[in-house]
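All of the numbers you see were taken from the coordinates with simple rules; none came from a lab. Remember, it's a predicted structure, so these values are computed and weren't measured experimentally. Here Cβ is always computed from backbone atoms with ideal geometry, including for glycine, and neighbour counts include all displayed protein chains.
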């Protein structure tokens with residue numbers, strides 16, 4: 001048996017389509033394969049030593065990757081001229097070069113050995129080709145030829161990936177599966193060019209984590225640190241970086257080797273949205289004179305900017321133009337269009353003076369960020385060669401996209417997106433809270449509106465944003481290649497790449513669900529009151545969901561071989577474990593308050609539980625810092641508990657808890673699910689009119705179970721007993737002993753229950769007290785189909801439609817896992833104009849059954865998409881049965897810009913949802929149909945809640961209603 005790795009015939013499809021490389025089977029004829037390593041002998045790697053240094057680095061990386069896989073380090077040789085090839089003594093060689101500059105490649109082209117059609121003049125493209133007898137004395141060659149230096153490097157790293165080296169092998173300690181021998185199918189493959197020209201990340205908000213880590217491991221955020229960043233970018237086929245900039249970091253000043261190192265790795269450097277002309281923000285404080293004010297200090301600013309550009313030299317750079325206020329603030333209270341136009345004009349003059357070339361030959365970018373959007377909205381435009389960089393709202397929602405009719409083909413557009421943010425309503429930096437499904441939807445929207453020059457994501461400290469970084473950069477390479485239906489496979493293939501195929505399906509689900517749960521509300525915004533303790537069992541559901549994930553993750557951890565444990569801990573297990581603990585801490589604090597105002601002994605229990613989870617949080621952080629012998633010390637060290645406003649607290653602060661002084665002995669109390677809370681301790685027990693003595697109504701269609709929460713209000717253990725007067729009342733327990741509280745669940749045996757409406761009784765006794773609790777039922781004999789009303793609510797996840805109708809030119813697409821509770825639907829293609837004719841517009845229909853009639857409120861939960869069209873809002877239409885459809889504006893009331901921290905925006909991004917209401921007249925009880933038309937792209941429908949009565953407050957809303965098929 002020969003163990004080997006095989007490259008599939010299509011090499012540079014998105015990673016979700018990459019096949020697993022650990023394939024083992026008999027090889028009957030090795031002549032059909034190129035031997036990279038065979039019988040402990042490795043093919044030599046050769047390149048033209050006169051080429052760009054990136055070719056040398058790529059060759060070295062490939063040699064090291066082959067050694068990681070097969071334990072043999074291939075020899076790397078720089079050829080100064082083609083005559084040197086005669087000195088090569090090798091059966092097989094891997095040749096790496098560019099079509100334009102490599103003498104080796106040119107010789108092969110001249111001899112007709114390789115083809116370069118389709119490469120000339122292309123951006124970051126490569127060809128991989130097997131060649132027989134490429135040069136005298138050499139039997140076979142595997143030639144990797146790039147259209148440019150990065151194209152060749154991407155070809156090399158594609159090969160590395162195929163033989164089993166993950167792009168995250170260093171940054172997440174992903175192990176390499178070893179092989180005895182490595183073979184490659186003989187191939188002639190031409191890659192595509194990336195669809196987005198510049199693809200990269202922004203290291204931001206990087207103190208204390210990234211900064212302290214870098215100083216401990218590298219002595220600073222210096223060229224040695226950046227070498228690891230640049231390698232990561234290349235392995236993910238990225239080419240663009242906004243470097244670390246939090247005070248007092250300065251890329252060009254901190255280490256003079258930083259810019260040269262970036263260029264050696266082929267990384268295009270730029271500076272962030274408020275750092276013009278390659279100058280870091282801190283540099284003005286260090287080297288500037290006077291105010292950061294172009295009206296009063298323009299000459300000094302121009303000299304400052306000129307100095308910044310002069311040091312860049314010939315390095316590949318994207319120059320940020322424009323100006324904002326000092327410290328990432330607005331430049332002025334007014335939108336001074338004329339002033340900003342003058343600033344950019346002067347900056348372009350500096351560019352021409354320094355480079356001695358026309359300004360349009362130096363790549364430039366103008367960032368439309370926060371208040372700068374006002375300038376664009378008021379008609380300010382820049383020269384076509386300057387890329388206009390739009391942005392999201394810092395929370396993953398695109399703010400503006402170019403209009404179809406006004407988009408000039410000569411204009412260049414980019415997008416700045418956030419996985420991390422410091423700002424209102426509350427900073428989020430600690431864990432990954434970004435669903436790749438939302439990235440897909442928003443960036444697909446972006447791409448289909450012609451934004452394809454720059455995609456850059458704010459990734460904070462890089463860790464723990466590994467998954468969304470991979471996805472963002474893969475999507476940027478070819479947005480057309482990843483459809484909504486591919487997203488589940490992306491998780492699985494990414495998991496397979498890091499951990500092998502055996503557990504990949506389960507790991508994929510863990511990744512999908514933990515990011516979904518985190519996206520509901522960022523960990524930094526959680527409080528004791530986020531999830532309802534009283535309604536829909538919401539708080540317990542949240543805890544159970546996280547703890548179920550943790551249990552599943554523990555099972556995977558135990559099944560994985562030990563070599564995967566470190567990577568699995570970093571990428572999957574640790575965020576689940578930390579967030580499960582954090583959510584349980586906040587729910588315990590919520591229960592502490594809930595039971596405290598009801599005078600229950602459980603108050604003190606949940607105070608202690610809150611403290612336990614808070615202390616465990618510190619232990620889990622320390623556990624992260626100890627992995628890999630402290631390699632990742634300082635990462636994940638941001639504070640995230642105890643926010644009181646947008647900025648992080650100085651230390652993690654446990655949520656406040658209360659203790660109650662208990663009565664002596666045992667004291668009986670109780671609470672009924674969905675009932676009014678008794679005010680024990682404030683009213684005389686005899687005056688019991690203020691609390692529920694009756695359970696909610698049971699019906700056979702929903703077949704509910706409701707609890708009686710038996711609470712102890714004394715310091716001694718409480719013994720209790722429950723008895724029912726009807727054989728159709730089923731209790732989960734008839735008696736018990738509790739120190740704090742215990743839930744007893746009530747269900748109905750419908751085979752024994754009388755028809756129609758009836759009422760039974762439960763007697764609760766203990767500690768010398770006795771209480772009578774009524775149990776009402778409505779044994780309905782009606783036909784119900786679709787989603788069935790329960791307690792005045794019909795809740796429906798958007799993807800569970802009864803029927804769907806698409807049109808010839810538009811369709812409704814299900815985006816799996818997108819949303820807070822279920823799966824969403826969107827309209828495609830995403831560059832459509834508004835569909836004004838509802839008769840031909842795509843729509844979905846939801847069948848439901850109501851037990852009553854009257855005025856119903858329908859609440860449609862949509863993602864917090866902004867009015868990126870700036871045309872009065874994004875619309876959907878809605879109707880129940882045959883009523884006239886209502887056109888609903890999802891952006892109504894959003895006139896105040898989001899960057900001014902408008903109330904609508906603070907709520908929508910904090911909740912990660914918008915709840916849009918409409919009123920409908922339903923004339924009779926029974927079966928009905930709700931219809932929903934999506935008439936604007938960008939509307940993302942997550943769920944629908946039909947309220948026939950008064951809804952109970954909760955964060956996520958009621959669980960989905962029971963569905964009965966027709």
Given R₀ = 30 Å, what would the calculated FRET efficiency be for residue 311 paired with residue 50, taking r from the Cβ atoms and rounding to 0.05? 0.65
If I stretch the segment between residue 64 and residue 808 completely, what's the gain in nm (0.36 nm per residue apart, minus their alpha carbon distance), one decimal? 262.6 nm
Order of 909-921, 221-233 by packing, highest average Cβ count within 10 Å first? 221-233, 909-921
What is the Å³ per residue value for the convex hull set by the Cα atoms of the range 509-630? 104 Å³
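Is the range 786-964 best put as rounded, prolate or oblate by its Cα gyration tensor, with a ≥ b ≥ c the root eigenvalues, rounded for a/c under 1.5, and otherwise prolate when a/b is larger than b/c, oblate when not?
Note, shape of the range 786-964 comes out oblate.
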Between rounded, prolate and oblate, where does the range 40-95 land on the alpha carbon gyration tensor, with a ≥ b ≥ c its root eigenvalues, rounded for a/c under 1.5, else prolate if a/b exceeds b/c? oblate
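By average Cβ neighbour count within 10 Å, what is the ranking of 755-768, 488-501 from highest down?
488-501, 755-768
Assuming R0 = 56 Å, what is the FRET efficiency of residue 133 and residue 297, from their Cβ-Cβ distance, to the nearest 0.05? Please report the intermediate quantities before stating the final value.
Numbers: r = 68 Å, r/R0 = 1.21.
My answer for the efficiency is 0.25.
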Only Cα pairs under 8 Å and at least 6 apart count here; give the relative contact order of the range 490-570 as a rounded whole percent. 30 percent
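Fully extended, how many nm does the chain gain between residue 123 and residue 752 (0.36 nm per residue separation, minus their Cα-Cα distance)?
218.9 nm
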Mean projected area (nm²) of the alpha-carbon convex hull when the chain is viewed from all directions: 44.4 nm²
Roughly how many nanometres apart are two label points built 7 Å out from the Cα toward the Cβ at residue 75 and residue 882? 8.8 nm
Pairing the Cα long axis of helix 466-477 with the longest principal axis of the chain, what angle in degrees results, from 0 to 90 and rounded to the nearest 10? 60 degrees
Calculate the spin-label point distance for residue 217 paired with residue 186, positioning each point 7 Å from the Cα along the beta-carbon direction, and give it in nanometres. 4.4 nm
For the range 3-190: Kirkwood Rh in Å [reciprocal of mean 1/r, alpha carbons]: 16.4 Å
Over all Cα pairs of the range 118-239, how is the pair count split among 5 Å bins, expressed in % and running from 0 up to the last occupied bin? 2, 9, 15, 17, 17, 15, 11, 7, 4, 2, 1, 0
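Under 8 Å for C-alpha pairs, at least 6 residues apart: give me the relative contact order for the range 3-190, rounded to a whole percent.
32 percent
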Just want to confirm a number: the relative contact order over the chain, from Cα pairs under 8 angstrom separated by 6+ residues, in percent. 9 percent
Using Cβ contacts closer than 10 Å as the measure, can you line up 565, 613 from fewest to most? 565, 613
Residues residue 551 and residue 616, FRET efficiency given R0 of 22 Å [Cβ-Cβ distance, rounded to 0.05]: 0.85
Roughly what would the spin-label model give for residue 260 and residue 658, points 7 Å off Cα along C-beta, in nm? 6.6 nm
Enter the angle in degrees (range 0 to 90, nearest 10) between the Cα long axis of helix 294-310 and the first principal axis of the Cα atoms of the chain, meaning the one along which they spread out most. 60 degrees
Convex hull of Cα atoms in the range 245-399, direction-averaged projection (nm²): 9.3 nm²
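For a footprinting-style exposure proxy, rank 143, 319 by other Cβ within 10 Å, fewest first.
Details: 143 23, 319 26.
With the sparsest Cβ surroundings first, the list reads 143, 319.
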Taking the radius of gyration and the Kirkwood hydrodynamic radius from Cα positions alone, what is the Rg/Rh ratio for the range 817-921, to two decimal places? 0.97
Where a ≥ b ≥ c are root eigenvalues of the Cα gyration tensor, a/c under 1.5 meaning rounded, otherwise prolate if a/b exceeds b/c and oblate otherwise, the range 198-482 counts as rounded
With angles folded into 0 to 90 degrees, how steeply does helix 574-596 sit against the dominant principal axis of the chain? Use alpha carbons for both and round to 10. 30 degrees
Roughly speaking, what is the stretch gain from residue 361 to residue 346, that is 0.36 nm per residue apart minus the C-alpha to C-alpha distance, in nm to one decimal? 3.8 nm
